[in-house]
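Enquirer: Structure provided below as structure tokens; questions to follow.
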Amino acid sequence: KLRDHAIIEEKTRQFGSLANRLAKYLSPQIYNSIFRSEGGAVQSLARKNLTIFFSDIEGFTEICDGIEPERLSFLINRYLGEMAEIAIEHGGTIDKFIGDAMLVFFGDPETDGDRNDAMKCARMALRMRERVAELRSIWHEHGISKPVRVRMGINTGYCTVGNFGSDQRLEYTVLGGPVNLAARLQAAAEPDTILASESTWLLIQDIVQGEHVRDIKPKGFVQPVPVYRLDGL
């Protein structure tokens, strides 16, 4: 019996260690949904109104080419670590990192309503921009002379969210036109600028400072899209 008890304790310890390591590869909301008894919450596809956020570092390829691997590792890990912490603080679901780019969405697995989801996303983006400015002096001290500047795009719309992939590899992610538009807005943004679509702007216009800057016709979209710049709360 003592031996059986010791085996159970060791297996429990190993499972706990594995779960802790796995948690680093998943957004907290997804991790909790999988490990809760009602984990079926992330098993099926669903159509939901989400607010999507994309960001990337302006001129990141040039930065990569100009610094040593150790400095690059320090830059990207510090940047993504800080941005992920801000996203989690504001209730965002971190979908993925794509090099220096980041995809976060609000409204799944949990939602506070369309307006509040969009408000949380706007607050997150503004805090991210503020934090990047604060980090520039730290990066400069570590020999990264080119200022790190970030472009951001936000859009709200109905997306398909859930598990996509194969039996060997699944990814919990979002697909749909609104995701593509958020990416296009990010690409159209000037450095240190947050661009939002009209659908997001109409939900949060009374609590943010900003203005309509122009209409753009993103690749893959038939009609021009009104674009708004978020400046503050």
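Enquirer: What is the number of the single condition among (1) under 13 Å from the mean Cα position of the chain (by Cα); (2) more than 15 Å from residue 183 (Cβ to Cβ); (3) open to solvent by less than 10 Å² (accessible area, probe 1.4 Å) that residue 105 does not meet?
Expert: The number of the failed condition is (2).
Enquirer: To continue, here is another question. Tell me the residue from 178, 191 that is touching a helix residue (DSSP H, G or I) at 6+ places or on another chain (Cβ under 9 Å), in contact (Cβ under 8 Å) with a residue 40 or more places away in the chain and not β-branched (Val, Ile, Thr), please. Give the derivation first.
Expert: Details: 191 fails: touching a helix residue (DSSP H, G or I) at 6+ places or on another chain (Cβ under 9 Å).
Testing whether each residue is touching a helix residue (DSSP H, G or I) at 6+ places or on another chain (Cβ under 9 Å), in contact (Cβ under 8 Å) with a residue 40 or more places away in the chain and not β-branched (Val, Ile, Thr) leaves just 178.
Enquirer: Separate question: Somewhere in region 133-140, is a residue charged (D, E, K, R) and closer than 22 Å to residue 60 by Cα?
Expert: Checked against the condition, which is being charged (D, E, K, R) and closer than 22 Å to residue 60 by Cα, region 133-140 yields at least one hit.
Enquirer: Hey, another quick one. Could you pull out the residue among 76, 144, 138, 94 that is modelled with pLDDT under 90 and within 30 Å of residue 172 (Cα to Cα)?
Expert: None of the other options fit; the residue is 76.
Enquirer: In this structure, does residue 115 turn out to be open to solvent by 20 Å² or more (accessible area, probe 1.4 Å), under 17 Å from the mean Cα position of the chain (by Cα), of a type in the set (D, E, K, R) and at pLDDT 85 or above?
Expert: no
Enquirer: Can you spot a residue in region 100-108 that is modelled with pLDDT of 95 or more, part of a helix (DSSP H, G or I) and either over 18 Å from residue 78 (Cα atoms) or of a type outside the set (D, E, K, R) (or both)?
Expert: Among the residues of region 100-108, not one is modelled with pLDDT of 95 or more, part of a helix (DSSP H, G or I) and either over 18 Å from residue 78 (Cα atoms) or of a type outside the set (D, E, K, R) (or both), which makes the answer no.
Enquirer: Is at least one residue of region 122-133 surrounded by fewer than 16 Cβ atoms within 10 Å (Cβ to Cβ) and of a type in the set (A, V, I, L, M, F, W, C)?
Expert: Yes; the residues of region 122-133 include at least one that is surrounded by fewer than 16 Cβ atoms within 10 Å (Cβ to Cβ) and of a type in the set (A, V, I, L, M, F, W, C).
Enquirer: Could you tell me whether region 203-224 includes any residue that is small (Gly, Ala, Ser), touching a residue at least 24 places away in the same chain (Cβ under 8 Å) and closer than 23 Å to residue 92 by Cβ?
Expert: No: zero hits.
Enquirer: So which strands (runs of 3 or more DSSP E) are wholly in region 144-202 and hold at least 1 residues that are out of contact with any Ser or Thr (no Cβ under 7 Å at 6 or more places or on another chain) and open to solvent by 40 Å² or more (accessible area, probe 1.4 Å)?
Expert: The strands (runs of 3 or more DSSP E) meeting that bar are 150-165, 170-175.
Enquirer: Has region 119-142 got at least one residue that is in contact (Cβ under 8 Å) with a residue 40 or more places away in the chain, part of a strand (DSSP E or B) and either within 14 Å of residue 51 (Cβ to Cβ) or in contact with a Cys (Cβ under 6 Å, 6 or more places away or on another chain) (or both)?
Expert: no
Enquirer: Please verify whether residue 86 is in a strand (DSSP E or B), touching a helix residue (DSSP H, G or I) at 6+ places or on another chain (Cβ under 7 Å), β-branched (Val, Ile, Thr) and at pLDDT 90 or above, treating the condition exactly as stated.
Expert: no
The values are calculated or read from the model by the stated rules, or taken from the named source; none is laboratory data. It should be emphasised that the depicted structure is a prediction, and the values quoted were computed from it without experimental measurement. Cβ sites come from the backbone with ideal geometry, for glycine too, and all protein chains shown count toward neighbours. Surface areas here come from the heavy atoms of the whole protein model, side chains and all, with no ligands, DNA or RNA. Shrake-Rupley method; radii C 1.70, N 1.55, O 1.52, S 1.80 Å.
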